[in-house]
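Have a look at the structure below, then the notes.
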Amino acid sequence: MEEITYSEAVLQDYKVGMGSFAVKMPEIASAYHAFTETCFEEGKLSKKDKQLIALAISVQAHDEYCIVYHTNGCLDAGCTEEEMMEAIGVAAALGGGSAMSHGAIIWQNALEDFSGPIQ
């Protein structure tokens, strides 16, 4: 049996939870998904920039699910480790120590889970 990483488990928990919500509240779930998909479309800001913003906000909000989700989104959008660290730095400048600890620890764990050990 193949073990999954912590970050993969977090994403799975999110998918299961959202799936359950969608069954019980399909109109709300559908509207929410349509809204968020529209927000992340290419526009004046690139998808990459939007993922970096989302990662920074997730760190500031201490939202573990979103930190993991948007770390993966950043990687999918082609963000570098350095770009993600810079976005976390901006969140930390606004959020202080708690944002820095979430960004430095949860983000690093998610990045390692998705892309391998950090150099």
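Region 73-119 and region 14-31 have Cα centres lying 28 Å from one another. When only Cα pairs below 8 angstrom with a gap of at least 6 residues are kept, region 18-119 shows a relative contact order of 24 percent. If the Kirkwood radius is taken over C-alpha pairs of the chain, then at 25 °C and 0.890 mPa s the Stokes-Einstein diffusion coefficient equals 164 µm²/s. Accessible-area rank, largest first, for Val68, Val16: Val16, Val68, with all protein chains present and a 1.4 angstrom probe. Counting every pair of alpha carbons in region 17-78, the share spaced more than 16 Å apart comes to 53 percent.
The solvent-accessible area of Ile105, taken with every protein chain present and a 1.4 Å probe, is close to 100 Å². For the chain, modelled as a GNM whose springs connect Cα atoms under 10 angstrom apart, the maximal fluctuation among Ser46, Ser30, Ser58 occurs at Ser30. Between Gln12 and Met85, the modelled labels are 3.1 nm apart [label points 7 Å from Cα along Cα→Cβ]. Rolling a 1.4 Å probe over the protein heavy atoms of region 12-119, with every protein chain left in place, gives an accessible area that is 59 percent carbon and sulfur. The residues of the chain have, on average, 63 Å² of accessible surface per residue, using a 1.4 Å probe with all protein chains present. Along region 56-68 the Karplus relation, 6.51 cos²θ - 1.76 cosθ + 1.60 evaluated at θ = phi - 60°, assigns HN-Hα couplings of 4, 5, 4, 5, 4, 7, 6, 9, 4, 4, 6, 4, 5 Hz to successive residues, with x for each Gly and Pro. In region 17-119, taking the dipole from charged Cβ atoms about the Cα centre, the farthest positive-side position among Ile28, Thr38, Leu94 is held by Ile28. Secondary-structure-derived ellipticity at 222 nm for the chain, considering helices only, amounts to -25000 deg cm²/dmol, per-run term -39500 (n - 2.57) for DSSP H runs with n ≥ 4.
For the chain, Cys39, Cys66 have no disulfide-compatible partner, since no other Cys C-beta lies under 4.7 Å from theirs. Each Lys and Arg adds +1 at its Cβ and each Asp and Glu adds -1 at its Cβ; summed about the Cα centre, the chain shows a dipole of about 400 debye.
The values are calculated or read from the model by the stated rules, or taken from the named source; none is laboratory data. Everything quoted here is computed from the prediction, not taken from an experiment. Here the Cβ is made from the backbone with ideal geometry for all residues, glycine too, and neighbour counts use every protein chain on show. Each accessible area value is taken on the protein alone, full model and side chains, heavy atoms only, with ligands, DNA and RNA left out. Shrake-Rupley method; radii C 1.70, N 1.55, O 1.52, S 1.80 Å.
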